[in-house]
Structure formats: C-alpha cells, structure tokens
1. Below 22 Å Cα-Cα, how many Lys pairs turn up in the protein assembly as shown? Only count pairs eight or more apart in sequence, or on different chains, if you could.
2. With charges set only on the Cβ (+1 for Lys and Arg, -1 for Asp and Glu), what does the dipole of the protein assembly as shown come to about its Cα centre, in debye to the nearest 20?
3. How far is B:Val90 from itself in the other copies, in nm, if each label sits 7 Å out from Cα along the Cα-Cβ line, shortest first?
4. Given the DSSP H assignment, sum -39500 (n - 2.57) over each helix run of at least 4 residues in the protein assembly as shown and divide by its residue total; what's the result at 222 nm in deg cm²/dmol, nearest 500?
5. Bins of 10 Å, beginning at zero and ending with the bin holding the largest distance: percent of Cα pairs per bin for segment A:216-269, please.
6. Can you list the HN-Hα couplings for segment B:2-7, worked out from phi with the Karplus curve (6.51, -1.76, 1.60; θ = phi - 60°), rounded to whole Hz and with x for Gly and Pro?
7. Find the eigenvalues of the gyration tensor of the Cα atoms of segment A:147-208, then list the square roots of 5 times those eigenvalues as equivalent ellipsoid semi-axes, largest first, in whole angstrom.
8. Can you list, shortest first and in nm, the gaps between the label point of B:Pro41 and those of its counterparts in the other copies, using a point 7 Å from Cα in the C-beta direction?
Number of protein chains: 2
Amino acid sequence: MTDFRGRHVLITGGLGFIGSALAHALVEAGADITVVDSLAPECGGNYANVDDIEDALAIVEGDLRDTPRLTEIVDGSEFIFNLAGHTSHVDSMNAPQVDLQLNCAAQLSLLEACRRARVAPTIVFAGTRQIYGRPRYLPVDESHPIEPVDVNGIHKTAGEQYHLLYGARYDIPVAVLRLTNTYGPRMYVRDARQTFLGVWVRELVQGRPFEIWGDGTQRRDFTYIDDAVEALLLAVDPRVNGRALNLGDDRSVTLKELADLAVAANGGGAYSIVPFPEDRKRIDIGDYVADYTAIRELLGWRPSVALEDGLTRTLEYYRERGDRYW
Amino acid sequence: MTDFRGRHVLITGGLGFIGSALAHALVEAGADITVVDSLAPECGGNYANVDDIEDALAIVEGDLRDTPRLTEIVDGSEFIFNLAGHTSHVDSMNAPQVDLQLNCAAQLSLLEACRRARVAPTIVFAGTRQIYGRPRYLPVDESHPIEPVDVNGIHKTAGEQYHLLYGARYDIPVAVLRLTNTYGPRMYVRDARQTFLGVWVRELVQGRPFEIWGDGTQRRDFTYIDDAVEALLLAVDPRVNGRALNLGDDRSVTLKELADLAVAANGGGAYSIVPFPEDRKRIDIGDYVADYTAIRELLGWRPSVALEDGLTRTLEYYRERGDRYW
C-alpha cells in the first residue's frame, strides 16, 4: 500500500460515513488531509464523524460546484478520494434536476479542476453497484450491462464515466470502486436514504421493532467499513489505473438472515416483514451479489470482517454515540 | 405505420436537420404539428429548413429547460419525436457543464412534463451510436458495452437511460433509435460539429478541396435522411416499447471511398488526407459499423437509398439552397 505519510490528500464528502472513516485511517497513516463536504442535509456529512480527529484535518465546507478555492485545493493534492454525492434513489426520482446538479455537475467541477492542475492528482472514485440495475445474472461481474433503474443510478453511471474519460483523455490516474452495501460506525441512520440497514441499527439501539421491506428473501452482500477503507487505499495503484472494480463478499445473506444476525448481535430485538412502499417497489432490483475476483486478483483485496462482528461493532458504536446521529 | 392524420405531434429540435425532415413527412401525412427548437447557434436549427411548410407548423422557440408552456404543449401531444440536443464532441470536452445543461437537464425537463401529462404521449428518442465508444467488435449490436469517449457521449447515454427509465417507471411508451451517421438535405454544414460530411458537402459545392482527417481507412455506415425519418415514424409501435435499436446500413465504406463517391456525385472535386486535429484524435473511435438486425426483424425497417443517390440529392440541395446554410 502507498505510504501516505506527509502526502497531501483530499477527501470529498469527507464528513460523511465512508469519507470520515477514510480520514481516520489517513490521519493514522500520517497524511496531510483536506476535507471538502457540502454538509447537505441528507448526505450524511456530520461533524460527529470527525470530532476525535478534527484538529488533524483542514475542513472546507462547500459544494464542489462552488467550493471556494477548489482549483487551488486540487492543485495542492497528490491524491483525491472522491466520495461526494447524493445516493438517495427516491429523492432522485422526485427531484431529478436536483440530483443532476448534486451528482453530475459537482463531479464535472472536480474533474475540471483536476485537468487544470499543474500535476494531475491520483483519483479514487467511489462508484456503486447501483449502476448495474436489476442483475441479469449472479454474481455480477464488471462486464455486466449497465442498466440503472433510477435517476440517481443514471447520474452515478455518468459520474463513473466522467472519471474514466478524464483519466484516459487527460492522463489522470483514476480508479473506480463499485461499492456494494457498506455498513459500520458513522453510517447514516436517520432514514433509509443511504441504506435500510442504518434504520435497522437505529431502531434496534432505541429498542423499537424495525421493518424488512419486501418478503425478506432478497439477497445482498455487505462490506464492513474498514474493508471498504482498505480497498480505497489500495486502489491508489497503477495496476488499477483506468479500471472500475467491484467490491463484494464471499457470503451473501437474505434480508431475513441479516435481520436475524442483527437481532442476535444486539442481544435482542424485533422486526416485521412489510410490503415495499409503492415508490420503492418499482426501483427495486431483486437479488444482488457481486463478483469481486478482479480486485482480489489485481490488488489482493478481500474482506476480512465477518458480518456478525461488523454488526456487533456497529451497534456498539451507536449505543455509545447514537445521540449525535439520530 | 401509424396513421398520423389529424394527430397531435410534438417535434423537439424540429428546426434542425432530422427534425425538419420529419416535420415535412408529418405535414404530408396530415398531422397537427408543434415544433419546439432552441435555435441554439450550433445545433443546426434553421428556419430555412421549414420555409416551405412553416404555415403548417406551430413553432415555439425555446430551450426545453424553460420553454413557455412546455407542460401544456406536452399535455396536448399524442406523439413526441425528441430530437433536441447538442451533438458536438469537441464542444462537450471544452465546456462540459454547458453540455450537461443542454442535454441532460433539457431531457429531464421534457420527461418530467411527460410524466405529469394527463395521458402519457408516445415518445421516440433520437439516440446515437456514439454511446458505444470505440467498438470492441463489428458490427456493433445493441448489447455492445456502453463506453462513451467524450462528455457528449456520456450525456447522450444518460439521455437514453432517462427515456427507458421514465418509460418503465411511469408507463410511458418509449422507443430509442441509435442513429449512425445521418446525412442529406438540411444537414448542418457550417463546421464539423455534427458531421464531417456536412463540411465536405459545403466545400464541394463551393468548389474548394475538402479534408479527410486521419488516414482515410476509417470505416463508417451512413443513413440517408429519408430512411432515418421512416425509422422514426415506424418506431411509434408497441413492439419496440422500451427498446433501444440501432439504425445502420448493409454497406459500410471507408472515408476515402466516401470521399471518392462524393466527388463523383458532385461531378468533380478534390480532397486531401490530413492528420487528426489533436483535440479530436483522442476521442476518435476508429471503425464503426452497426448491426441493425433488431429493427429490421421487429419493424421491417431497412435503408432504401444508396449512398450514391443520397450524396447526389444532398449536393443538389445545397447547390440550389446553400446560401441559406453556409
């Protein structure tokens, strides 16, 4: 892995779930870190995520479209972990023009700054499995057709394509990771905008029953935050330049199995299985399981935290600090 | 084919090359036609394209993002031929945010109006082979990977995905045609923004030598405008609902062969072969030939105008009326 000691790193979306976890790892590695975050209400940016490392970060509040000094910040960065973006499926269907600005226009702003930089920074972009849409086969590898089923997925597709295009066209080292369901401490738990699992965690910790939407048989794979962070750091590597790579896990579970694991990790709890809300039913994708052979073979990455352990650590975090997140 | 007599039809981009040709066909078919066109300087919208049928059209000048009464116009339309958009590869790389607004934001505006309509109109969207990027195999069928090589291609991909998504999500009948190089009377000839062939035609008619960029061995297929119009009209058909279909031709030619055909059709002329301009070289896609089996089998469409005839008719048009186009 790259030695980040004393290196200039920019994390966009750095006050959010994954960005702040990455910031912790990079502080520990001795990097010189700038964080840009819009603190948009539903994106998960939260100062609670960095209160223990705040002094070690240069934090710039601002949307990438109009961040003061973005060009200058980018110009001083050797590495950019680009985690900014909206991820709500339902919001994107209700307000597609807003999603367009928050995802596409913002990404173009950042990439335009990168291509104007004196020395091109290395970029790792957090993509998503969402761009595959409803899987045509399982497990889904990187050559699966791109068929997003909501506006957010279309814009995330464009975001990924921008990165690969700018990389190829302007000789910017770029790698894209297509994340699957990432979970862990600091995840967004206010509602189901980012993941249903956040709501489950909140309800469990607060002692209320939670809901599984659908029939509980849907299959998913999960990545614990520490494993996702490791993948992001490993992706600063010329061997994955210009590539888009899946993260995944060897094990997939149904939502019902996941619910049972979460209840067990919590030492108790209750849930019910209820039909999909109408606005979600039509953009639901059925089962999803990733094939992550490519990143394993190229970079040696594989997940190391079992679902039981990850859920336990997550629940523990919110039992202690949930009041900063609810 | 649908009987369009007395039917309410909206053509976006209706003052441009393909839109105005379609308008001529629909006037002849007795349709009740509204045209919306932004007349953006480099999009090809030109009143010369409709001067012989202007009285038969309701023309609204405006960008789809802020067309007065767009909702009302859409609400009164049974069929929408959506041909609006910017197509310049090079402009999109120089000003990606502009391309985003002109293509993505505009398409979302139209589709949002469609989903709010009391009765959903049937939409035919003019997509493009550009979204395939550099072909991985020839001929290119519809399941070829989507790998656009410029920002415009990324936004055209999003445009197509929006249409298929809105169709599926909101029960709007939608078909997408992925056009290849379309040519003929009323094509944009001012520069190479839409197609190099437009410039060739202008230079030939004005008696100047034209340039082939590259080495002349690049292979392309061409669709004469009348054949493209027929495909658009045929695509109003439940059998292609939710589909994206290639247009193409049984014959492909190298650029050098095309140049020789154009010179012959013009009864003389000269050209030179020059290296690609730097800004185009990196977004060039090499050979492209479409597989159009799907639309042939589903709708019985096939091209009927040979390249020699099409070029002859095109040159004739600009010899007579070029002064309105240069």
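Taken together, the values in this text are just the output of simple stated rules run on the coordinates, not laboratory data. Here the structure is a predicted model, which means the values were calculated and not measured. Glycine gets a Cβ as well: all are built from the backbone with ideal geometry, and neighbour counts include every protein chain shown.
1. 5
2. Charge dipole, the protein assembly as shown, about its Cα centre: 380 debye, nearest 20.
3. So the distances to the same position in the other copies read 4.8 nm.
4. Computed ellipticity for the protein assembly as shown at 222 nm equals -10500 deg cm²/dmol.
5. Per 10 Å bin, starting at 0, the Cα pair percentages come out as 20, 37, 26, 14, 3.
6. Whole-Hz 3J(HN,Hα) from phi for segment B:2-7: 4, 8, 8, 4, x, 8.
7. Largest first, segment A:147-208 gives 33, 14, 7 Å.
8. From this label point to the equivalent ones elsewhere in the assembly: 4.1 nm.
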